[in-house]
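Written below as C-alpha cells is the structure these notes are about.
Just so it is clear, none of the values below were taken in a lab; they were calculated from the coordinates. Keep in mind it's a predicted model, so treat the numbers as computed, not measured. With ideal geometry, Cβ positions are generated from the backbone for all residues, glycine too; neighbour counts draw on all protein chains shown.
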Amino acid sequence: MRAVAVTPGKADSLHLREVRRPLVGDVPDGRGVLVDVIRVGACGTDKEIVDALFGTAPAGDDFLVIGHENLGRVAEVGENVPGWLRPGALVVATVRRPGTSIYDAIGLQDMTTDEARERGINRLHGYLAEAYVDDVAFLVPLPDSLEAVGVLLEPLSIAEKGIRQAFEIQRRMRVWRPARAAVLGAGPVGLLTALALRLRGIDVAVYSRRPAPYRNSELLGAIGARYLSSSDTTLDALSDAAGPLDLIVDASGFSPLALGAARVLGKNGVLVLASVTGGKVTAELPTDVINEGFVLNNKVMVGTVNAHRDDFITGVEDLLRAEAFYPGWLGQLITTRVNGLEAHAELLGHLQDDRDAIKVVVEVGGR
C-alpha cells in the first residue's frame, strides 16, 4: 500500500512510497484492529519533521511514515476485540504508546519518563497511509455525525488535556471556578482551546499577532470570544481588557510571549504551556516581578504535551456540543484539502507558505 514518509534527519525528504499493508494479526492476543484511513490532518509538527528538526524512524527502518492527526473506519477486528468496536465504526487513534516507566504501566503514557514513542513523530510509523493497524486500547470511537470534522479530535485533545490539568491542579483550592481565560495564539489549537473554554461557560480573550479582521478573528467572534492583536495591544492591555485572568493557555509557539504571560496571570491562576518551541529565542523578562507574583499570589505554571485517551473521549463530547451550539463552526476550521497521498508536494507547500490556512487535511480515502 502507499504511504507518505520522510527520511529522518534529512531535510526535504518527504516522499510517497510503497509499504507493507498491515494485518490484524500484527497486534498480539487478538486485539488488533485494521483501520482504513479517511483523512489525516497536518500541523507544525509535521513541518518540523519534514525540516529534519526532529523525528525518529522505527527500529529496523530508515524511514518514518508521518501524520498523527487521523480519522478512519474500522475494516477488520481481531478475535478478542470487544463488541463495542465493529467493522464500519468511525475511529481516531491516540498518538503516544506505552514505554516501561511506572506511568506507562498505569496507562499514563502521556506522562512517561521514558523516551516518547509517538505515532508519526518518534519511533513509530504514523497514519498518512492507506491503512494502519493498532491495539483496540488506543482507538476512540466517534458517531458518524462527526465524520466531516472528526479529524480535529487529536488537536482538540491537546486543549482538553491542558484544561483538565489546570482543574486537577486547582483541586488544591477546594473550589476553583475560572471565569476569565486568555488563549495565546489563534492557530488550530488556539481556536479549539477557545472553543473548549467557551463550551464551559468561560469568558475568553484570544491574543495573537495578526490584526483583525480576518478569518480566525471572525470565527472567534462567532463563539463569543474576543480577539486582540499583539500588533496594537500589549499583554498588560489584554489583562486590563479581559479582567483578572484565572487561566492562560499558550498555543502561540513563541516562548517570550508564553513566559511573559506569567506576569499578567491573575491571583490563584494557572498558566498552561502547550506549544513546543524548539528554537533558541531569548528575551528579557522582569523575573523579580514574576517570581514575587507567583509566590504571593499562589500562581501555577505547568507544561502539557500529548494527551490521554480520556482527553480524546472528552474531545468527542465537546465536538458534539460544538456542533449543537455552533452549527457549522468546526467545519470552517478545515480550510485546505489535499486530494490523495500522491499530492504530498502540495501538502508541503501549504505547510510552508499558506498564511490563510487554518487546518490542512489530506483526503486519503475520499470525502
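So what are the ³J(HN,Hα) numbers for region 115-127, from phi and the Karplus equation (6.51, -1.76, 1.60; θ = phi - 60°), rounded to whole Hz, Gly and Pro as x?
5, 5, 10, 10, 5, x, 10, 9, 6, 9, 5, x, 10
Cα to Cα, under 18 Å, and not fewer than 8 places away if on the same chain: which lysines meet these conditions relative to K267?
Cross-link targets: K299.
Please return the longest range in the chain lying between exposed loop sites, taking GluC sites (Glu not before Pro), DSSP loop only, at most 13 other beta-carbon atoms within 10 Å, and leaving the sites out.
It works out to 116-283.
How much of the DSSP bridge set in the chain is antiparallel, in percent, rounded to the nearest 5?
50
Would you mind getting me the FRET efficiency between D36 and W176? Use the beta-carbon distance for r and R0 = 51 Å, nearest 0.05.
0.75
Over what distance in Å are the Cα centres of region 233-275 and region 139-166 separated?
24
Can you sort D288, D354 from fewest to most other Cβ atoms within 10 Å of each residue's own Cβ?
D288, D354
In whole Hz and in residue order, list the ³J(HN,Hα) couplings for region 150-156 that follow from phi through the Karplus curve 6.51 cos²θ - 1.76 cosθ + 1.60, θ = phi - 60°; x for Gly and Pro.
Each residue's phi maps through the Karplus curve to give x, 5, 7, 5, 5, x, 5 Hz.
Using only alpha carbon pairs under 8 Å that are at least six residues apart, calculate the relative contact order of the chain and give it in whole percent.
Rounded, it is 18 percent for the chain.
What distance in nm separates the simple spin-label points at T113 and N268, each placed 7 Å from Cα in the Cβ direction?
3.3
Given charges of +1 on the Cβ of Lys and Arg and -1 on the Cβ of Asp and Glu, with all other atoms neutral, how large is the dipole of region 1-153 about its Cα centre, in debye to the nearest 20?
Taking the Cα centre of region 1-153 as origin, the dipole is about 180 debye.
Classify the chain as rounded, prolate or oblate from the Cα gyration tensor: take a ≥ b ≥ c as the square roots of its eigenvalues, call it rounded if a/c is under 1.5, otherwise prolate when a/b beats b/c and oblate if not.
Here the chain falls in the prolate category.
How far apart, in nm, are the 7 Å Cα→Cβ label points at D29 and N80?
0.5
Hey, got the dipole for region 123-184? About the Cα centre, +1 on K and R Cβ, -1 on D and E Cβ, debye to the nearest 20?
In debye, rounded to 20, region 123-184 gives about 860.
Remind me, relative contact order of region 140-225 in percent, using alpha carbon pairs under 8 angstrom and six or more residues apart?
Across region 140-225, relative contact order equals 27 percent.
With unit charges on the beta carbon (Lys/Arg positive, Asp/Glu negative), name the residue among P211, V91, L235 whose Cα is farthest towards the positive pole of the charge dipole of the chain.
L235
Got a sec? How would L199, L320, L139, L192 order by Cβ neighbour count within 10 Å, fewest to most?
Ascending number of Cβ neighbours within 10 Å: L320, L199, L139, L192.
What nm distance separates the two modelled labels at L285 and D62, each placed 7 Å from Cα along Cα→Cβ?
4.3
Got a sec? Charge dipole of region 156-303, +1 on Cβ for Lys and Arg, -1 for Asp and Glu; which of A182, L192, G278 is way out at the positive end?
L192
Given the rule -39500 (n - 2.57) for each run of at least 4 DSSP H residues, summed and divided by the residues of the chain, what is its mean residue ellipticity at 222 nm, to the nearest 500 deg cm²/dmol?
The helix contribution divided over the chain gives -8000 deg cm²/dmol.
Give me the dipole magnitude in Debye, nearest 20, for region 156-303 about the Cα centre, with unit charges on the beta carbon: positive for Lys and Arg, negative for Asp and Glu.
500
Sum up the charges of everything whose Cβ sits under 10 Å from the Cβ of Y227, counting Lys and Arg as +1 and Asp and Glu as -1, but leave Y227 out.
+1
Hey, with R₀ at 35 Å, roughly what FRET efficiency would E18 and E218 work out to, going by the Cβ-Cβ distance, to 0.05?
0.20
What length, rounded to one decimal in nm, is gained on full extension from E317 through to A237, with 0.36 nm per residue of separation minus their alpha-carbon distance?
The E317-A237 span can extend by a further 25.4 nm.
List the lysines whose Cα lies under 22 Å from the Cα of K10, skipping any in the same chain that are fewer than 8 positions away.
K47, K280
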